[in-house]
Amino acid sequence: MKNLFDFKHFKGDVFGGITAGIVALPLALAFGVSSGLGPSAGLYGAIFVSFFAALFGGTNTQISGPTAPMTAVSMVVIAGMIAAFDGDVTKAMPAILTVFLLAGLIQVALGFMGLGKYIKYIPYPVVSGFMTAIGVIILITQILPSIGYYPKEDAEFVSQFKPYAEEIILDNILKEEAAEGFLVLEDFKETISRAENITEAQINAESQTLAGKEASGVLGAIKVLPRALQNINWLELLLAAGTIFIIYGFKRITTKIPSTLVALIVMSGIAIGFNLNYRPIEEIPSGLPIPNLEIFTNFKLGNITPYIFTALTLALLGAIDSLLTSVVADNMTKTKHKPNKELIGQGIGNSIGAIFGGIPGAGATIRTVVNINAGGKTRLSGMMAGVLLLVILLALGPVASQIPAAVLAGILITVGIGVMDYKGLKAIPYMPRQEVVIMVVVLVLSSLWNLVYAVGIGLVIASLMFVKKIGDLTAERSDVKPLSKEKAWSDEVDFPESLKEEVFIKHIKGPLFFGSTSDFQDLMKQIPETASTVVIRMGRMQYIDQSGLYVLEDSLIELASQKITILLVDVLEQPRYLLERIDIVPDLIPKEQIFETFDECMTWVKQNVNTNKN
């Protein structure tokens, strides 16, 4: 906590924090709306994550809050859990926030376990495909609100789902009766009685839930796009288009003032000032944020069990996002962040944010850069950004509630365009084919199916390809090659010609692990039939894993069954320890047949193999 209140940088920290908070405001509102929990959730997330991640984190100048990747994954969680609670956001909220709290706690645990330094090993093609998919998801899903089309409010579209809605409601009645012990087939009176109490409003509400689910995500937005284009609200489209125009156009004039904030103020001012008939965002509650204690009082493990992997993904994604931003901050300030401490800070921020109803966040690169350029030097700047947003919430909450929804949709479209990894896309013609496959698989699956599973599949494919490549390289460097290409080492040049048919020398150069075992097994079988003795030189085999150990054991047993004498030369400490643990030494190979040097081995060969020949 040494530099937390270093007041010699106070002026720069205050100005940097205020500037970063101003930049964060429109994005926080937009991400909140995009997540499905409303603008207040985005604002609460920005307030608490920014303040507490700065207070407890390991990067002095980092500004944290909701980001595009974190919001995209959160959107999946929120949509799925709301659907599981029959479209009731209020009922689903405790379970949703519990998943976000769990993600924060996982980040804290990762920090305490010292795993921050390992985050950098996630392959770039996975990150690239994921980031581009985030851009695609945000871009496509914001087309509908930018043209003023909301599927749940399209009566004709919603009416298509009434038969399914009635089926679901009736199914729920039957489940309730089964839980209460009613024998439905013997007495329909209770079922009919309950069914008669179903109102048109209940059917319509269930139909709207189904309609919203049908139109959610990239595929859903694409499905309803033709209908949406027939029902364009031209005012909403003009507000969104004006927002996009100002964001890109104002940057050409100056970058000192955030163009996103300018677009938000100008377009909202026009809409409010001219009393236009636009659609505002959801109302932002006035007053201080209140903790949602139902997270604890209504906790049910079954509600979050299906989302534990999602919580882990959120935690890892937030860790990657934050630590990459920390590296950017290090490069700009010539400092060095503490990765594990940063994870703890981010985890605490996300945990507290979840308790108060905020969406999760991470270190935000643009806001961090703005903070540094504006004079931010210590963690006080990140805390100031959070305080500023709290002041704006308390003072301007009612005003912010009048912001047009189309304006935030326009802001999000520019975020979607900006978050795509154009560097990775441009490199596709030059990248190795395997890496292109990984990137495309993650991109397509993330966009059209499931972000969480897509990342998992991408990591598995990348790991398998990496193992295959390392196995090939190890095999090549380890002299795991056909006998015709086997080359003698320098101390084998004077090996007696008379012994070459009976003595075969095999080199193992490099680790013998699961990626190279199949080649090793095949090539051991190519030992000439004339050989009565096999010398295995192991001085350059530093490591053997369990797979390699058992393959080596099988090969040695096979050689022994053929009455071939096995000699081991220069067995290093780790391989020898394992060979002794599974009794290859001394049961299969006596210690007398293990030599420290090749010369000692050759002395034994000349004495014993010649004797055998005679």
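Key figures for this structure:
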{"item": "Set K509/K606; K468/K525; K341/K426; K11/K426 screened for pairs whose C-alpha atoms are more than 30 Å apart", "result": "K341/K426; K11/K426"}
{"item": "Sequence-distant lysines (8 or more away, or on other chains) whose Cα lies within less than 20 Å of K338", "result": "K2, K117, K120, K377"}
{"item": "Positive-end residue of G217, P429, Y577, charge dipole of the chain with Cβ unit charges", "result": "P429"}
{"item": "Principal axis dimensions, largest first and in whole angstrom, of the range 485-614 by Cα", "result": "40, 31, 26"}
{"item": "Cα gyration tensor shape of the range 294-396, rounded if a/c is under 1.5, else prolate or oblate by comparing a/b with b/c", "result": "oblate"}
{"item": "Simple Cβ-charge dipole of the range 165-245, Lys/Arg +1 and Asp/Glu -1, about Cα centre, in debye nearest 20", "result": "700"}
{"item": "Where N is the number of residues in the chain, Cα Rg divided by 2.2 N^0.38 Å", "result": "1.29"}
{"item": "Helix 598-613 axis, angle to the chain major axis (alpha carbon atoms, nearest 10°)", "result": "50"}
{"item": "Exposure proxy ranking, count of Cβ atoms within 10 Å, fewest first, for T335, T313, T255", "result": "T255, T335, T313"}
{"item": "Net dipole in debye of the chain [+1 Lys, Arg Cβ; -1 Asp, Glu Cβ; about Cα centre; nearest 20]", "result": "2860"}
{"item": "Tensor-based shape of the range 118-256 (alpha-carbon gyration tensor, a/c under 1.5 rounded, otherwise prolate or oblate)", "result": "oblate"}
{"item": "Residue (of L314, S146, V467) at the positive-pole extreme of the chain, dipole from beta-carbon charges", "result": "S146"}
{"item": "Whole-angstrom gap from the range 136-215 to the range 49-89, using each part's C-alpha centre", "result": "29"}
{"item": "Efficiency of FRET between Q202 and A179 - r from beta-carbon atoms, R0 22 angstrom, step 0.05", "result": "0.70"}
{"item": "Sorted by Cβ neighbour density within 10 Å, fewest at the top, the residues L412, L549, L101", "result": "L549, L101, L412"}
{"item": "The range 219-342: C-alpha gyration tensor shape, a/c 1.5 cut-off, then a/b vs b/c", "result": "oblate"}
{"item": "Acute angle (nearest 10 degrees) that the helix 217-229 long axis makes with the longest principal axis of the chain, alpha-carbon atoms", "result": "40"}
{"item": "0 to 90° range, to nearest 10: angle between helix 451-477 axis and the chain longest Cα axis", "result": "20"}
{"item": "Partners for K423 among aspartates and glutamates (Cα-Cα distance below 15 Å; same-chain residues under 8 apart left out)", "result": "E435"}
{"item": "Charged-residue dipole, Cβ positions (Lys, Arg, Asp, Glu), the range 206-348 about Cα centre, Debye nearest 20", "result": "560"}
{"item": "Under 17 Å from K213, Cα to Cα: aspartates and glutamates that are on another chain or at least 8 residues apart", "result": "D86, D88, E153, D154, E156, E166, E167"}
{"item": "Positive dipole terminus of the chain, leading residue within I505, L238, T297 (C-beta point charges)", "result": "L238"}
{"item": "Burial ordering of V77, V391, fewest other beta-carbon atoms within 10 Å first", "result": "V391, V77"}
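We did not get these values from a lab; they are worked out from the coordinates using the rules stated. Since we're looking at a predicted model, the values are computed, not measured. In this analysis, Cβ positions are derived from the backbone assuming ideal geometry, glycine residues included, and neighbour counts consider all displayed protein chains.
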